[in-house]
Structures are given as C-alpha cells and as structure tokens.
C-alpha cells in the first residue's frame with residue numbers, strides 16, 4: 001500500500017506540474033510544483049526511516065537507549081535538511097511558494113485516492 005501511495009504521489013505531482021505549466025505559461029510554476037514534490041519526498045523519506053528504526057528498536061532488533069537517541073537526532077536532522085531545502089528554493093531560487101504548496105499537497109491527494117480506492121460499496125438488503 002505504501003508503494004502505491006508513493007507512486008500515486010509522483011503521478012499527481014507530475015500531472016500538477018503539467019497543469020501549472022499550461023495555466024501559467026512560464027517555468028516558475030511547474031518548477032515550484034516539482035520542488036514541492038521533492039520536499040514531500042524528502043519528508044516522507046525522513047519519517048519512514050525514523051519509524052522503521054523505532055520499530056526495530058522497540059521490537060528487540062536493536063537495544064539500548066543510546067541507539068534510540070541516535071534515531072531521534074537523525075529524525076530532527078532530516079527535517080532540518082528539508083527546512084533548508086525549502087528555504088533555498090523559495091529565497092534563493094525564487095520558486096513560486098503557492099506552486100510549492102501544490103506539490104507538497106500531492107501526498108494528501110494520493111492518500112485520498114488510496115482511501116477512495118479502498119472503499120467497498122455494499123448493498124443493503
């Protein structure tokens with residue numbers, strides 16, 4: 001299921017970038033959407049890596065408080081990298097922030113698609 005959400009996020013992000021290119025007719029909007037998609041990809045990578053590590057620590061795979069602290073530091077470091085990437089895109093590359101928001105929202109849209117895909121319609125007698 002996670003792989004389908006990742007795939008759908010990428011598809012929605014690319015389709016949104018194409019729609020932004022057609023609507024705005026410049027390069028800043030689609031680059032902003034793709035930049036937002038990159039940010040949500042980095043965030044997903046950070047959260048998934050941290051959750052996988054915490055599950056490994058809690059399930060007995062790796063023991064020790066030192067290892068758990070290292071995972072916590074790694075979690076916040078990854079989010080710091082995402083924050084610096086967002087700053088660099090908006091302030092240094094002058095990417096459209098609204099377009100970045102559309103790109104970041106592609107994950108939410110993909111989760112909504114997955115939720116609708118999972119709904120089973122039942123007939124009531």
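The values are calculated or read from the model by the stated rules, or taken from the named source; none is laboratory data. Model, not experiment: these values are computed from the prediction. For neighbour counting, all protein chains shown are included, and Cβ atoms are generated from backbone atoms with ideal geometry for every residue, glycine included.
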**For residue 53: the one exception among (1) surrounded by 14 or more Cβ atoms within 10 Å (Cβ to Cβ); (2) modelled with pLDDT of 85 or more** = (2)
**Prompt:** Does residue 82 qualify as being modelled with pLDDT under 85, under 28 Å from residue 114 (Cβ atoms), in contact with a helix residue (DSSP H, G or I) (Cβ under 6 Å, 6 or more places away or on another chain) and assigned to a helix (DSSP H, G or I)?
**Reply:** yes
